[in-house]
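Written out below as structure tokens is the structure these notes cover.
Computed from the coordinates by the stated procedures, all read-outs in this text should not be read as laboratory data. Owing to the predicted nature of the structure, the values given are computational and were not obtained by experimental measurement. As a convention, Cβ positions derive from the backbone with ideal geometry for all residues, glycine included, and neighbour counts pool all protein chains shown.
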Amino acid sequence: MKYYHNMLETIGNTPLVRLSNFWQGNSLLLAKVEYFNPGASVKDRIGVSMIEAAEREGVLQPGQIIVEPTSGNTGIGLAIAATLKGYKLICTAADKISKEKVAMLEALGAKVILCPTDVPPDDERSYYKVAEKIRDEEGAFLPYQYFNPANPQTHYSTTAREIWEETDGKVTHFVAGMGTGGTISGCGKFFKEQDSSIKIVGVDPKGSVYSYYHKFRKMPPPEQIHQYLVDGIGEDMIPSTVWWEYIDEVVTVEDQDAFETVYEVARKEALFCGPSSGAALYVARKVAREAPDNSVVVVILPDSGERYLSKLNKEWMQSHGIDISFLEEDK
């Protein structure tokens, strides 16, 4: 008989899919479709790895509470592992998190505490500080994906190696959204060790700090830091899980372009992804367009659009300033 012993064994080895309708140029554009993971996102990889690293190090004890600040996907990855390993989980999240993520976290048994989005990270009301308070007052274990070396190391050990094998070592450009920075850093380190000429390109929503910091190595002026609609990527601080030495370029993307690209790739490739995937795809096509002929561009698609149905609809987008005229163009 062939079967898995539990859902943790199904994490990884996600498909690499050619986007031949979305991009028809002389370079090859391939998408690593991470919503094939059991929790439907790339963060399943680090959920279990951070817990198992803590168990090995003896900093997580049986029955201990786990708490994590999350935009949702890491929380879900942690919830899957916590459920199967017997831990209770509390997730703190910014109040812009999608309803679907909250519902899934609660279905998996996690407690969700919503915190205001529009406060600085060091404000006691921020979802980072609320998580730290729970750690300090309740003795909970805080994996802290933004500072946990197991985060980028997981992508070094799994995601990057899968891509390297799947492309027969021919990848020339790698594109990934930057949230905690773990995916791009771990993969970037692996690819640069194989071939230093491989270009590593980060994707950052307008209003986040990463693009400016990459260019000037300092935080942007306060007026350039503001809210954006795309979930899961961008930051208002610099996590230690961003390994800048392996990142060649960081490209800023407008919310409008991210949301439009979600629908374009759904209609051209039957891939329905979340807005952060839309942002990454927008940049990946630009990279493919500018790359030499016969380049192999790989882009990470972090999660599924099903996780954002309360946002990926005409009413929500229009009420939040997205021009939805593109939805009528091909009718």
Answer with one residue from Ile76, Ala53, Val119: the one whose Cα lies farthest towards the positive end of the charge dipole of region 44-138, charges on Cβ with Lys, Arg +1 and Asp, Glu -1.
-> Ile76
Euclidean distance of C-alpha centroids, region 1-49 and region 232-271, integer Å | 17
Given charges at beta-carbon only (K, R positive; D, E negative), |dipole| of the chain in Debye = 460
Hz values of 3J(HN,Hα) by residue in region 310-324 - Karplus curve (6.51, -1.76, 1.60), Gly and Pro given as x = 6, 10, 7, 8, 4, 5, 5, 4, 5, 6, 10, x, 7, 6, 9
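Rg/Rh for region 109-261 to two decimals, with Rh computed the Kirkwood way over all alpha-carbon pairs. Kindly include the intermediate steps, with their values, before the conclusion.
On the way: Rg = 16.7 Å, Rh = 16.8 Å.
Radius of gyration relative to Kirkwood radius: 1.00.
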Taking every pair of alpha-carbon atoms in the chain, what share in percent sits in each 10 Å bin, from 0 to the bin with the longest distance?
-> 6, 27, 36, 24, 6, 1, 0
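First select every other residue whose beta carbon is under 11 angstrom from the beta carbon of Leu281; then total the charges, Lys and Arg +1, Asp and Glu -1.
Within the 11 Å Cβ shell, the charges total -1.
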Within the chain, longest stretch clear of exposed chymotrypsin sites (Phe, Trp or Tyr not before Pro) (DSSP loop, no more than 10 other Cβ within 10 Å) | 5-331
Most exposed first by the Cβ proxy, i.e. fewest other Cβ within 10 Å, how do Glu235, Glu124 rank?
-> Glu124, Glu235
Exposure-ranked with fewest Cβ neighbours within 10 Å first, Lys215, Lys286 stand as Lys215, Lys286
Rule-of-thumb check for region 208-331: C-alpha Rg over 2.2 N^0.38 Å?
-> 1.14
Simple Cβ-charge dipole of region 238-281, Lys/Arg +1 and Asp/Glu -1, about Cα centre, in debye nearest 20 | 240
Where in the chain are the DSSP H helices whose C-alpha atoms run 15 Å or more along the long axis and whose mean Kyte hydropathy is at least -0.5?
-> 44-57, 73-85, 182-194, 275-290
Of the residues Arg135, Arg217, Arg125, which exhibits the maximal mean-square fluctuation in a Gaussian network model of the chain defined by a 10 Å Cα contact cut-off?
-> Arg217
What are the principal axis extents of the Cα atoms in region 44-138, in Å, biggest first?
-> 37, 28, 20
Give the relative contact order (percent, whole number) for the chain; include only Cα pairs under 8 Å separated by 6+ residues.
-> 20
Given region 1-156, what percent of its DSSP beta bridges are antiparallel, to the nearest 5?
-> 20
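To the nearest 0.05, what FRET efficiency results for Ser319 and Lys268 with a Förster distance of 35 Å applied to their C-beta separation?
0.85
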Once Lys and Arg get +1 and Asp and Glu get -1 on their Cβ, which of Asn21, Ala94, His5 lies farthest toward the positive end of the dipole of the chain?
-> His5
If the chain between Ala107 and Glu165 were fully extended at 0.36 nm per residue, the gain over the current Cα-Cα distance would be 17.3 nm
